[in-house]
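This report concerns only the one structure given below.
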Amino acid sequence: MTLAPVIAIDGPTASGKGTVASLVAEKLGFHYLDSGALYRLVALASEKEGIDVKNGPELGFLVPKLLISFEKGQILLNGEDATESIRTEAIGLRASALAAHPEVRRALVGLQRGFRKAPGLVADGRDMASVIFPDAVLKVFLTATAAARAERRYKQLIAKGIPAKLDDLLRDLQERDARDSSRGTAPLLVAEGAQVLETSDLSIDQAVKTVLDWYQSKIA
Ligand code: DC
């Protein structure tokens, strides 16, 4: 049995990979995995349970107990809507911290691979190409300068009516980049065979088109 094709899109926080990946999935009629949302869900659930973010083993045990579902643009955690609550900066930072534990990463592998279904999957995260789907047909490392990413995040928050400071966002983002890139287990890196897409000066449409073109040339 041949496995469904995977397009892996990795990159740093606020690089726009989520937006690009979900649009590519929509264009191709593929499934979509937002793996960062899984780490954020573990962050939210463990905070509610009062588990220390440094306790890798206990965080790892928590993962299989979580009831996670993605339905029509909604993310449910144990039956409750967590779509918005996982998007705060605080939960993002907590997710980045707990993602350094091998126990947590290991506990999430099966769940992530379960998203691979016909006709195909677009998966975004940090280690999609290197660890979770090393046989991905197309591997993209989508990035932008820290300044461009901070500005995008700022505009998103302001548009949602959430107060934000550009300087604070830039600092948090650099802190998160440093941690995601330097951890021992599955650090954020350009995987072997990955094509780098620098989006600082690209529109979303241009980035989506580039990924679709790269995919077409892979399967041609
Ligand atoms: O993509 P995001 O910002 O929603 O991800 C939140 C955090 O989760 C990120 O800082 C690092 C972690 N993460 C990870 O370690 N591996 C992934 N595949 C996805 C996210």
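The values are calculated or read from the model by the stated rules, or taken from the named source; none is laboratory data. Here the structure is a predicted model, which is why all the values come from computation and not from measurement. Heads up, the Cβs are rebuilt from the backbone with ideal geometry, glycines too, and the neighbour counts pull from every protein chain shown. Ligands, DNA and RNA are excluded from the accessible area calculation, which covers all protein heavy atoms including side chains. Shrake-Rupley method; radii C 1.70, N 1.55, O 1.52, S 1.80 Å.
Near Leu41, within a Cβ-to-Cβ distance under 13 Å, what is the net charge of the other residues, with Lys and Arg +1 and Asp and Glu -1?
Within the 13 Å Cβ shell, the charges total -1.
Could you list the GluC sites (Glu not before Pro) in the stretch 78-186 that lie in coil according to DSSP, counting only those with at most 10 other Cβ atoms within 10 Å of their Cβ? Present the calculation step by step, with values, prior to reporting the outcome.
Numbers: sites: Glu80, Glu84, Glu89, Glu103, Glu151, Glu175; in loops: Glu84.
In loop regions of the stretch 78-186 (DSSP not H, G, I, E or B), the sparsely surrounded GluC sites (Glu not before Pro) are Glu84.
Tell me which trypsin sites (Lys or Arg not before Pro) from the stretch 22-58 have a DSSP coil assignment and no more than 14 other beta carbons within 10 Å of their own.
Lys54
With every protein chain present, what is the per residue accessible area of the stretch 21-73 (1.4 Å probe, Å²)?
54 Å²
Would you kindly state how much longer the chain becomes between Asp205 and Val190 on full extension, computed as 0.36 nm times their sequence separation minus their alpha carbon distance, in nm to one decimal?
Value of the extension gain: 3.1 nm.
So which residue, out of Ala118, Ala144, Ala159, gets the largest mean-square fluctuation from a GNM of the chain using Cα contacts under 10 Å as springs?
Looking only at Ala118, Ala144, Ala159, the largest GNM fluctuation is found for Ala159.
Which whole-number percent of Cα pairs in the chain have a distance greater than 32 Å?
13 percent
I'd like the carbon and sulfur percentage of the solvent accessible area for the stretch 131-220, probe radius 1.4 Å, heavy atoms only, ligands and nucleic acids excluded.
Of the solvent-accessible surface of the stretch 131-220, carbon and sulfur hold 55 percent.
Taking the chain as a Gaussian network, where each spring joins two C-alpha atoms under 10 Å apart, which residue of Leu28, Leu41, Leu142 fluctuates the most?
With Cα springs under 10 Å in the chain, the top fluctuation among Leu28, Leu41, Leu142 is at Leu28.
Which of Leu111, Leu121, Leu202 ends up with the largest GNM mean-square fluctuation for the chain, with Cα atoms connected below 10 Å?
Leu202
Add +1 for every Lys or Arg and -1 for every Asp or Glu among the other residues with Cβ under 9 Å from the Cβ of Asp10, and state the total.
Charge balance in the 9 Å sphere: +1.
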